[in-house]
Amino acid sequence: MVTRLTESALYRHLWSCPELDAVFEERARLQAWLDILIALALAQAEHGIIPESSAAAIALGARVDALDLPFVAEETRRSGHSTVGLIRGLMRVLPPSAREHVYYGATVQDLTDTWTSLAMKAVGSFAWRELREIESTLLALAELHRDTPMLGRTHGQPGSPITFGFKAASWADEIRRHMERLRQGAPRWLVGQLAGAVGTLAFFGESGLAVRASFCRRLGLMEPGVSWLVSRDRIAEFVHLLAMLTATLARIGTEVYELQRPEIGELRERSRPDAVGSITMPHKRNPEVAEHLVTLSRLVRAQAGVVLEGMVQEHERDGRGWKAEWAAFPESCLLSGASLSLGADMIRGLEVVAGRMRQNLEASGYSASERLLATLAPRLGKHEAQQLLQELLVGASQRGQSLSEALAADDRLGGQLARLDVSEVLQHSDTGFSGAMADAVVAHARAARSQESDEWP
């Protein structure tokens, strides 16, 4: 039975991605739990807590394919405990001498928190690769369109000229900061959990810290300084980074969504001949991915709020916030995986309509007003020039006049304008330092990429 979109054969491509499905799918998760129990047994045997023969038997038998999963599920329901079913299922496939050494001295949270760290490692690795690809594509766009002029817009209204390379560089720069956060966060997040009942490791006697060190080492995780049963900041930070990077992709998606509108027509998602825009309006070409990036980000941001609430916990263990992570963390990871995968594909196939950008810039009529204000400010004073131009241009807009027509018809600026080459001011698309800033972003990113690994952490 399938009840979630992330598991739907029809729709999961919009809400997840295959690489992360392989992390969070139930059998994969159970096998990861069993691998953690193997590492625990081997670490305990290394320090004489359990016999080496028991650890060897657990390492051999802890395979999800060997378990009777209906029995495990039934025992989980019957006991009302999160992992008793798994423990009993594993004990059934082990020799009697090893059964009492399954899950020896560990708790549910030792298992699930350690798995969460391993899952963060897999998700972070996927995110790193996708972000690097997205950044590479955006850097190429920033270089290619360094000097491609277009209309800058503020509050949804036409503003002054920019270049599309400047816009793409802004996206790339934000992606680079997420990559820096991802790299910097790895030492904080990828930490094992072996704490015992209240976090003191008392069950293992004098060997407690040594067992924990061996346990973490075997799993490729770092060792915590102190047990983190009720310290949920690691997971909260990781999920909030997912929320932030999906929000960046949603920002890009929003821009594509808006600029693909036919009356603007400056960007387009890649056309697919078999795509259906509307079942009732055959002419439509919808920005399907662009708008879906916004949807995915909204859902991830909602899950981030749930995880943040989990940071407020009581005493040395509190299942209320911690167990909410069991739903919120996988969901946020799967949705983020879809966002990264779909976003990378959309950006890779983005169609830039440079001719329409220039047409819209020229048709806006007033895009040179900032340049004109800067020209007049030294002569009239900035605030006086701004007031005069605003009065002039508001009236011109109401009368349907162009900027040049309005200036020619106004007597108040006549003396000043007579000494200026007005046509030069109006015809030149002054994009300021758009190109220089795009160059700076590209140079910084390429230098960083040359020093960093293709893999994370």
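The values are calculated or read from the model by the stated rules, or taken from the named source; none is laboratory data. Keep in mind it's a predicted model, so treat the numbers as computed, not measured. Reconstructed Cβ throughout: ideal geometry from the backbone, glycine too, with neighbour counts over all protein chains shown.
Scanning for something of a type in the set (D, E), more than 30 Å from H47 (Cβ to Cβ) and out of contact with any Cys (no Cβ under 8 Å at 6 or more places or on another chain), does segment 176-196 turn up at least one residue? Yes: one or more hits. Of the candidates A142, A98, the single residue that is touching a residue at least 12 places away in the same chain (Cβ under 8 Å) and outside the structural domain of L34 (by TED's automatic domain parsing) is A142. Regarding segment 259-266, can at least one residue be identified that is touching a residue at least 12 places away in the same chain (Cβ under 8 Å), among the hydrophobic types (A, V, I, L, M, F, W, C) and in contact with a strand residue (DSSP E or B) (Cβ under 7 Å, 6 or more places away or on another chain)? Scanning segment 259-266, I find no residue that is touching a residue at least 12 places away in the same chain (Cβ under 8 Å), among the hydrophobic types (A, V, I, L, M, F, W, C) and in contact with a strand residue (DSSP E or B) (Cβ under 7 Å, 6 or more places away or on another chain), so the answer is no.
Out of the residues in segment 319-333 that are at pLDDT 95 or above and within 15 Å of S231 (Cα to Cα), which is surrounded by the fewest Cβ atoms within 10 Å (Cβ to Cβ)?
Across segment 319-333, the extreme among qualifying residues is A324.
On inspection, R176 fails the criterion of being closer than 27 Å to S367 by Cα, crowded, with 17+ Cβ neighbours inside 10 Å and modelled with pLDDT of 95 or more. Among the residues that make up segment 304-311, is at least one of them closer than 15 Å to A236 by Cα, in contact with a Lys or Arg (Cβ under 8 Å, 6 or more places away or on another chain), in the same structural domain as A236 (by TED's automatic domain parsing) and of a type in the set (A, V, I, L, M, F, W, C)? There is at least one residue in segment 304-311 that is closer than 15 Å to A236 by Cα, in contact with a Lys or Arg (Cβ under 8 Å, 6 or more places away or on another chain), in the same structural domain as A236 (by TED's automatic domain parsing) and of a type in the set (A, V, I, L, M, F, W, C). Going by what's in this entry, would V239 be described as in contact (Cβ under 8 Å) with a residue 40 or more places away in the chain, in a loop (DSSP other than H, G, I, E, B) and surrounded by 17 or more Cβ atoms within 10 Å (Cβ to Cβ)? In short, no. The residue that is farthest from the chain's Cα centre (by Cα), among those in segment 48-75 that are surrounded by 18 or more Cβ atoms within 10 Å (Cβ to Cβ) and not hydrophobic (A, V, I, L, M, F, W, C), is S54. Do you know which residues across segment 76-117 are aliphatic (A, V, I, L, M), surrounded by fewer than 21 Cβ atoms within 10 Å (Cβ to Cβ) and touching an Asp or Glu at 6+ places or on another chain (Cβ under 9 Å)? Residues satisfying the conditions are V84, I87, M91, V93.
Could we say that E291 is surrounded by fewer than 21 Cβ atoms within 10 Å (Cβ to Cβ), of a type in the set (D, E) and outside any helix (DSSP H, G or I) here? Can you show your working first?
Details: surrounded by fewer than 21 Cβ atoms within 10 Å (Cβ to Cβ): yes; of a type in the set (D, E): yes; outside any helix (DSSP H, G or I): no.
The answer is no for E291.
Tell me the residue from R188, R272 that is in a helix (DSSP H, G or I) and not small (G, A, S), please.
One residue alone meets the criteria, R188.
Given I58, I87, which one is in contact with a helix residue (DSSP H, G or I) (Cβ under 9 Å, 6 or more places away or on another chain), in contact (Cβ under 8 Å) with a residue 40 or more places away in the chain and of a type in the set (A, V, I, L, M)? Give the derivation first.
Working: I87 fails: in contact (Cβ under 8 Å) with a residue 40 or more places away in the chain.
When all the criteria are applied, what remains is I58.
Scanning segment 193-221 for residues that are out of contact with any strand residue (DSSP E or B) (no Cβ under 7 Å at 6 or more places or on another chain), under 17 Å from T112 (Cβ atoms) and in a loop (DSSP other than H, G, I, E, B) gives Q193, L194, A195, G196, A197, V198, G199. If you go through segment 144-173 and keep only what is among the charged types (D, E, K, R), crowded, with 20+ Cβ neighbours inside 10 Å and outside any helix (DSSP H, G or I), you end up with just R146.
Restricting attention to segment 70-93, which residues are part of a loop (DSSP other than H, G, I, E, B) and small (G, A, S)?
Step one: list which residues in segment 70-93 are part of a loop (DSSP other than H, G, I, E, B), which gives 80-83, 93.
Once the filter is applied, which keeps residues that are part of a loop (DSSP other than H, G, I, E, B) and small (G, A, S), segment 70-93 yields G80, S82.
For segment 20-43, enumerate the residues that are more than 16 Å from A62 (Cα to Cα) and not hydrophobic (A, V, I, L, M, F, W, C). Full working, then the answer.
Of segment 20-43, the ones more than 16 Å from A62 (Cα to Cα) are 20-25.
Within segment 20-43, D21, E25 qualify.
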